[in-house]
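Written below as structure tokens is the structure these notes are about.
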Amino acid sequence: MKIKEKIARAYPWIVVALLWIVALLNYMDRQMLSTMREAMQIDIVELESAANFGKLMAVFLWIYGVISPFAGAVADRISRKWLIIASLGVWSAVTLLMGFCTSYHQILWLRALMGVSEALYIPAGLSLIADYHEGKSRSFAIGIHMTGLYLGQAAGGFGATIAATFSWQQTFHWFGIIGVVYAFVLILLLHEKRGDHAVPGPVNPHAGQSVPQAAGIPVLKGFGMIFSNIAFWAILFFFASTSLPGWATKNWLPTLFSEGLGIPMSQAGPVSTITIAVSSFIGILIGGPLSDKWVRCNLKGRIYTSAIGLALMIPSLVLLGLGSGLAAAVTAGLLFGVGYGMFDTNNMPILCQFVPVKLRATAYGVMNMTGVIAGAVCTQVLGRWADAGNLGLAFAVLGCITSVALVVQLTVLRPVTDDMK
């Protein structure tokens, strides 16, 4: 077999590898700030206020959420290759510039710009992977990509460690430079693919020049087509409902472990984050291949695989909230992570069964917005429950909400194809 043909056959997985690094940088650059307050407040005194620091974190989430649907609409209408490159380049430049900041308001504006630029990536990236991996490898490919987000989140937590060795300014500088350089790598190696106008890989000299399939659909009409789809409402509901425990574990599980187990946060943080990260990766390794195999003999195979994930999350949330002891906490965390990984790796593949290729990025943008806003609201509500000493009960309630999502998923979604055109 010729070398070019071998590259063309392997290129769908090369795309996953290329975008895995983008996903890693996406979460790492946004997460670094959360650990660097102590180092930064020496030079920027406004950060001594927890309220001011909270505003920095919140402005990113709200802007990211609001921009996401429009980011998806853009991804359905222009080259996703160049949108991904521009998104990476801008948020990396923002990271670089944060190292030059001397005032709180400079960081606030840059954080807002990061929210815009990072929102452009996920709908475009997942849509591109879904197009390159049709049927037999779609869930697994998307799941592998999602592990980049998990690892990026974990790696971002080491920002304070690096800042202590060098400085917070140098930390932002170097991570920003890495992203900018990698954007140029993508210019050379990443190529577009649009439905029937397939670009097999770098062997095609016209790669990235195909016309987006939704280019002729007005934006409002595109949103109307999506929201008139009953199946999409069901997908949106169970995605948003499951985002609640997803964000709860990210933001409140260390506190729950610390208070429930009576251990310092320095121990509770690593135990909770590592438990969820490792088990979520295992869930992807199980849920991705299982879904890709199951759907070949049953079109609801992806839905059933995702449902198994949700079914695992329900008792784990109850055990997290109402259980006692380290063994119960770790067991519940492992069970939740496996279930969440099986669920997470199948969201875009299930969406592909009900939304045509020309509107998938738009649809996922709406899902992303809903999930982030639901997570922001959930984080604030759980804060009030925590102040009242009811954080464990709140986790158990999230298990009940997840059970409703499971019922909706199994009863409403009835696919007639695995790849709606």
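Rule-based calculations on the coordinates, nothing more; no lab input. It should be emphasised that the depicted structure is a prediction, and the values quoted were computed from it without experimental measurement. Here the Cβ positions follow ideal geometry from the backbone for every residue, glycine too, while neighbour counts run over all protein chains shown.
Some values worked out for this structure:
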read-out	value
Gain upon complete extension [Asp43, Val66; 0.36 nm per residue less C-alpha separation]	5.1 nm
Segment Ile187-Val416, length gained on full extension (0.36 nm per residue, minus Cα span)	78.7 nm
Pairs of alpha carbons in the stretch 2-44 whose separation is greater than 14 Å (percent)	66
Lys, Arg +1 and Asp, Glu -1 on Cβ, resulting dipole of the chain about Cα centre, debye, nearest 20	1280
Residue among Ile142, Ile162, Asn229 farthest towards the positive dipole end of the chain, charges placed on Cβ	Asn229
Over 27 Å between alpha carbons, listed pairs Lys55/Lys358; Lys250/Lys358; Lys81/Lys358; Lys136/Lys221; Lys250/Lys300	Lys55/Lys358; Lys250/Lys358; Lys136/Lys221; Lys250/Lys300
Radius of gyration, Dmax [the stretch 24-128; alpha carbons; angstrom]	14.4, 45
For the stretch 242-372, radius of gyration divided by Kirkwood radius, i.e. Rg to Rh on alpha-carbons	1.04
Mean ellipticity per residue at 222 nm, deg cm²/dmol - from DSSP H runs of n ≥ 4 across the chain, formula -39500 (n - 2.57)	-26500 deg cm²/dmol
Gyration tensor (alpha-carbon) shape descriptor, the stretch 66-115, a/c threshold 1.5	oblate
Restricting the stretch 55-107 to chymotrypsin sites (Phe, Trp or Tyr not before Pro) in coil, as DSSP defines it, with at most 12 other Cβ within 10 Å	Phe100
Stretch gain in nm, segment Thr161-Ala51, where the contour uses 0.36 nm per residue and the Cα spacing is subtracted	37.3 nm
The chain, relative contact order in percent, only Cα pairs under 8 angstrom and at least six apart counted	24
Per-selection Kirkwood Rh - the chain (Cα, Å, 1 d.p.)	21.9
